[in-house]
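The values are calculated or read from the model by the stated rules, or taken from the named source; none is laboratory data. This one's a predicted model, so the numbers in the text were calculated from it and none came from an experiment. Heads up, the Cβs are rebuilt from the backbone with ideal geometry, glycines too, and the neighbour counts pull from every protein chain shown. All accessible areas refer to the heavy atoms of the entire protein, side chains included, with ligands and DNA or RNA removed. Shrake-Rupley method; radii C 1.70, N 1.55, O 1.52, S 1.80 Å.
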Amino acid sequence: MSAYKTYVTDVLIVGAGLAGERTAVEAAENGLDSIILSLVPPRRSHSTAAQGGMQASLGNCAMGEGDNPDIHFQDTVKGSDWGCEQDVARLFTETVPIAVRQMSHWGVPWNRVVAGKKTLPDGRELEEKKEKEGLITARDFGGTAFWRTCYTSDGTGHTLQYAMDSLVLKHGCTVHDRIEAISLIHDGEKCIGVVARSLRNGELIVYVAKSTVIATGGYGRLYGASTNAVINEGSGMFIAQDTGIVPLGNMEAVQFHPTGIVPVWILVTEGARGDGGYLLDKNHHRFMPDYEPKKKELASRDVVSRRMTQHIRAGYGVESEHGPHLWLDIRHLGKEHIYTNLREIANICKNFAGIDPANELIPVRPTQHYSMGGVRTNADGHAYGLKGLFAVGESACWDLHGFNRLGGNSLAETIVSGMVVGKKVSEYTLGASLEYSEQTIKDEVTKQENRIKDLISGKNGNENVYKIRGEMEQTLMNYVGIFRKGEDLQTAVDKLQELHQRAQKVGLQSSGEGANPELASALRIRGMVRLALCISYGALQRTESRGSHAREDYPKRDDENWLKRTLAYWPEGAELPQLDYEPVTITELPPGDRGYGEHAG
Amino acid sequence: MGNRTLTFKIFRYNPQKPEVKPYMQEYKLEEVSGMTIFVALNKIREELDPSLMFDFVCRAAICGSCAMVINGRPTLACKTLTKDLPAKISLLPLPVFKLVGDLAVDTGTWFRDMAIKTEAWVHTTKEFDPTALEERMDNKTAQEIYEPDRCVECGCCVAGCATANIRADFLGAAGINRVARFMLDPRDERSPEEYYEVVGAEEGAFGCMGLMACDDNCPMEIPLQTQLSFVRRKMLAQGLKLKTEKVAL
Ligand SMILES: Cc1cc2nc3c(=O)[nH]c(=O)nc-3n(C[C@H](O)[C@H](O)[C@H](O)COP(=O)(O)OP(=O)(O)OC[C@H]3O[C@@H](n4cnc5c(N)ncnc54)[C@H](O)[C@@H]3O)c2cc1C
Ligand code: FES
């Protein structure tokens, strides 16, 4: 083994998105030293791409009057189709108003209540109260009883991340960007840190810490059509699972967003429908009210995505060279509204589809969007299986979202989990000591060095990493989409098992020297295929429909047998994940009717 | 669309291997409909040359990762459609920033240094009170702050700036815009004197030669020159005040 650089710190945070940075700030405020690792400069993390907003039941705007954490709690639990942990949801909805106000204190320019009368696009009249003027306002998002989504025009994730990163700078937290964690170091009981590879020069670096926090975001890029940033490959999840003792929770729960632009799959935020946009079919008929008379375009995301797919299957899609799609219509919102409140959407339509949404229709189709599953942790964010390992944000499954996440609940989750788990991480770290054996570290580094050597020399074969990846993406797209059925899922599992074999025979075409990008992809591919297998195999086993998991052969929710969470382990040498199940924590709201979209099928 | 064959001339250099001098490498690709430089570069990497280095994250012109010089102009590669370019396309990394390799540059470190130098965070003596309502703000003020806050730190304005290309310490339009963002924010309690320390000198608001390249190059269409003159006016007023105070002493 060659010499390698080692950094030692109290708290190691893998991921500099909103969740990771909020955790770092909490650790700093508790007097702890931290290092944040990130594939990219923090401000380029995927969190900055969130446009729509963050849910908090402030109840300041007229359409939010009467809202409170109880109602937010109920919406979240119903939205999750009773798959979430209710103690987590309760803690979350109570904390999030504080989180929004604190972000305001730290500089987020939230849009504010403007007093006076207004007419909504659908003709409804309302009056914003004088006494609420200047407080943080909210917009409408799907699956919520009130207008609850706080926003800054359509750059909410951007302003949140910039404000959060400014705090990280102020506290002087150490950030190492262009560094990728490629494996966890642990002794079977305790996590000691990570082995990382520099994306600047390819060197391996060891990070040793009293506690390690995974904050690496989602895995959207396992799918060929995803709204996610290209760096969302789920690496934090598979390096945790790779330990053999840390499980991933509910990986089969994958969210599709109703409005990805065809064919670039860039997201049009739910804010577009929240602000009054319609979905139209090939006859320019507004079809959502036919299916969901009450919530229309603003039913839960899983419901809208299914209705759209159903409508396309019934022959009402617009044919195109990229397959059938539907239209999103925001023309009636008016130029002024579109060019100010929805400016980012106007820019995206112009730049990537050559469309002016003030005058033209936007071609859309449901697109992979969010990973409800992730590293399974308890309500403190402490991972199952390893002491000193925590997870936050989209990469974690402390399980706020169950089988369907509400729009606007994810940004909110990143900040709240950063606050709550950050505190628990700090408590743990203050009581922990840095004890480890040098040999454990050496063994892990050697293992990674050998993997790299083998990929470069082609010792195990010469499979092309990009080909395997393409086949994996297509398999998930074709067989593990919005509607699922047994035979398709079996096809996916079979194909992915073949890809899993091939992923272990990858050999590089290029030299692999330095920061070589092919090597980076090759190091990830096996883990990515494993995640794809966890999704497909978990979905195959779950013979019911719940939230985003819609089985055509099992269209009903089955609380008797399936009111439980899937835990997917990957024991060393296994060809399939080992599945286990645990009960869902129900503290307040017994399973019932979802209230809207309950006929979805 | 007529099926064009595109010829890409791409800058190649790996600072890890200084013995290989920088050179331009040529690749040919068939153009497809809706092709962006993002699509093209990935195709080149996956089918022709897996060693090629470049940066994309959001691929939606939101994150600022992918700025490069495309046929002479600094811009975001992900939102550049090949149909708007001639069949010969030259790609160079942004100048001013440290090269990571080929088309990838280290804008992250530059912007972090700038943010630390200008202390780009809200300076307040107030403690956050978790039990209190948020402080009120006029919606118009919030939107005014958001305008400069929209900067994605892509570096296009800096790369195209004559001053930044010769003065390493110049804050650039992005830096001055960032300062403007905090000046506009009533939550920030810094006094004009304190701001003067940050941007009153040659490397700040007065280094600009007024060539306006930043305005033209900003992919977010932020009116950078307007933000610059706002900061300058404030600093001039402060500069005069400082002078008069000195005289009075
Ligand atoms: C287009 C889009 C719009 C959205 N809009 C909304 C919205 O309006 N409201 C809402 O609530 N939610 C929205 N979401 C969801 C929300 O943005 C994300 O769930 C959330 O931002 C995730 O934050 P995070 O901190 O968990 O991860 P991210 O922001 O994805 O950050 C992950 C970090 O981990 C780093 N990283 C990853 N792997 C490694 C590794 N191996 N080593 C080192 N570092 C690593 C990355 O560099 C990055 O810094 C949207 C999502 C998308 C795709
Ligand atoms: S990749 Fe994000 S701006 Fe181009």
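Some points to look at:
- Residue selection: A:Ala19 fails the criterion of being at pLDDT below 95, more than 13 Å from every other protein chain (Cβ to nearest Cβ) and more than 16 Å from ligand 2 (Cβ to nearest atom).
- Hey, A:Leu531 without any contact (Cβ under 8 Å) to a residue 60 or more places away in the chain and either under 16 Å from A:Gly373 (Cα atoms) or buried (at least 23 other Cβ atoms within 10 Å of the Cβ) (or both) or not: no
- Residue match in segment A:103-121 (condition: within 15 Å of ligand 1 (Cβ to nearest atom) and out of contact with any Ser or Thr (no Cβ under 6 Å at 6 or more places or on another chain)): yes
- Residue within segment B:107-118 that is within 16 Å of ligand 1 (Cβ to nearest atom), out of contact with any strand residue (DSSP E or B) (no Cβ under 9 Å at 6 or more places or on another chain) and within 12 Å of chain A (Cβ to nearest Cβ) present: yes
- Among the residues of segment B:114-167, those identified as within 13 Å of the chain's Cα centre (by Cα) and either within 16 Å of ligand 2 (Cβ to nearest atom) or surrounded by fewer than 23 Cβ atoms within 10 Å (Cβ to Cβ) (or both) are B:Met114, B:Ala115, B:Arg150, B:Cys151, B:Val152, B:Glu153, B:Cys154, B:Gly155, B:Cys156, B:Cys157, B:Val158, B:Ala159.
- Hey, B:Gly200 open to solvent by less than 30 Å² (accessible area, probe 1.4 Å) and of a type in the set (Gly, Ala, Ser) or not: yes
- The set of residues from segment A:368-405 being over 12 Å from A:Lys424 (Cβ atoms), hydrophobic (A, V, I, L, M, F, W, C) and not in a strand (DSSP E or B) comprises A:Met372, A:Leu386, A:Leu400, A:Phe403.
- Test for A:Leu135: is it out of contact with any Pro (no Cβ under 6 Å at 6 or more places or on another chain), in contact (Cβ under 8 Å) with a residue 12 or more places away in the chain and facing chain B (nearest Cβ under 7 Å): yes
- Per-region count, segment A:1-39, residues among the basic types (Lys, Arg) and closer than 26 Å to A:Met54 by Cα: 1
- Where a residue in segment B:144-169 is free of Cβ contacts under 8 Å to residues at least 60 places away in the same chain and closer than 18 Å to A:Arg343 by Cα and its partner, wherever it lies, is among the hydroxyl-bearing types (Ser, Thr, Tyr) and part of a helix (DSSP H, G or I), with Cβ under 9 Å and at least six apart: B:Ile145/A:Thr159; B:Tyr146/A:Thr159; B:Asp149/A:Thr159; B:Asp149/A:Tyr162
- Within segment A:428-453, the residues that satisfy the criterion of being touching a residue at least 12 places away in the same chain (Cβ under 8 Å) and acidic (Asp, Glu) are A:Glu444, A:Glu449.
- Wholly within segment A:233-330, helices (runs of 4 or more DSSP H) carrying at least 3 residues that are crowded, with 19+ Cβ neighbours inside 10 Å: A:235-241, A:271-274, A:301-311
- When the test is whether a residue is touching a Gly at 6+ places or on another chain (Cβ under 8 Å), within 10 Å of another protein chain (Cβ to nearest Cβ) and open to solvent by 10 Å² or more (accessible area, probe 1.4 Å), A:Arg101 does not pass it.
- Failed item in (1) touching a residue at least 40 places away in the same chain (Cβ under 8 Å); (2) open to solvent by 10 Å² or more (accessible area, probe 1.4 Å), with A:Val480 passing the rest: (2)
- Residue in segment A:395-413 that is within 16 Å of ligand 1 (Cβ to nearest atom), farther than 30 Å from A:Gln255 by Cα and at pLDDT 95 or above present: no
- Number of positions in segment B:47-62 that are more than 20 Å from A:Asp177 (Cα to Cα), facing chain A (nearest Cβ under 7 Å) and more than 13 Å from the chain's Cα centre (by Cα): 3
- For segment A:146-166, residues that are more than 19 Å from A:Glu413 (Cα to Cα) and at pLDDT below 95 total 1.
- Of all the listed residues (B:Leu81, B:Leu85, B:Leu94), the sole one being open to solvent by less than 10 Å² (accessible area, probe 1.4 Å), farther than 18 Å from B:Asn177 by Cα and not assigned by TED's automatic domain parsing to the domain that holds B:Phe230 is B:Leu94.
- Counted residues, segment B:142-187 - those being within 14 Å of chain A (Cβ to nearest Cβ) and aromatic (Phe, Trp, Tyr): 2
- When the residues of segment B:205-235 are filtered to those that are acidic (Asp, Glu) and within 15 Å of B:Pro148 (Cβ to Cβ), the one that is farthest from ligand 1 (Cβ to nearest atom) is B:Asp215.
- Taken together, the criteria exclude A:Thr48 from residues that are buried (at least 24 other Cβ atoms within 10 Å of the Cβ), closer than 19 Å to A:Val213 by Cα and within 15 Å of ligand 1 (Cβ to nearest atom).
- In segment B:63-89, the residues that are within 10 Å of chain A (Cβ to nearest Cβ) and either within 16 Å of ligand 1 (Cβ to nearest atom) or within 11 Å of the chain's Cα centre (by Cα) (or both): B:Cys63, B:Gly64, B:Ser65, B:Cys66, B:Leu76, B:Cys78, B:Lys79
- Qualifying residue in segment A:203-212 (condition: more than 16 Å from ligand 2 (Cβ to nearest atom), within 14 Å of chain B (Cβ to nearest Cβ), surrounded by 23 or more Cβ atoms within 10 Å (Cβ to Cβ) and outside any helix (DSSP H, G or I)): no
- Matching residues in segment A:154-171 - criterion: being farther than 17 Å from A:Ala99 by Cβ, surrounded by fewer than 23 Cβ atoms within 10 Å (Cβ to Cβ) and either within 16 Å of ligand 2 (Cβ to nearest atom) or within 9 Å of another protein chain (Cβ to nearest Cβ) (or both): A:Leu169, A:Lys170
- Any hit, segment A:40-56, residues being away from ligand 2 (no atom under 16 Å from the Cβ) and more than 17 Å from the chain's Cα centre (by Cα): yes
- Of the residues making up segment B:12-41, those that are open to solvent by less than 40 Å² (accessible area, probe 1.4 Å) and either among the β-branched types (Val, Ile, Thr) or more than 16 Å from ligand 1 (Cβ to nearest atom) (or both) are B:Arg12, B:Asn14, B:Tyr27, B:Leu29, B:Glu31, B:Met35, B:Thr36, B:Ile37, B:Ala40, B:Leu41.
- Test for B:Pro22: is it within 12 Å of chain A (Cβ to nearest Cβ), free of Cβ contacts under 8 Å to residues at least 12 places away in the same chain and farther than 19 Å from A:Trp265 by Cβ: no
- Any chance B:Glu134 is within 12 Å of chain A (Cβ to nearest Cβ) and either in contact with a strand residue (DSSP E or B) (Cβ under 7 Å, 6 or more places away or on another chain) or among the aliphatic types (A, V, I, L, M) (or both): yes
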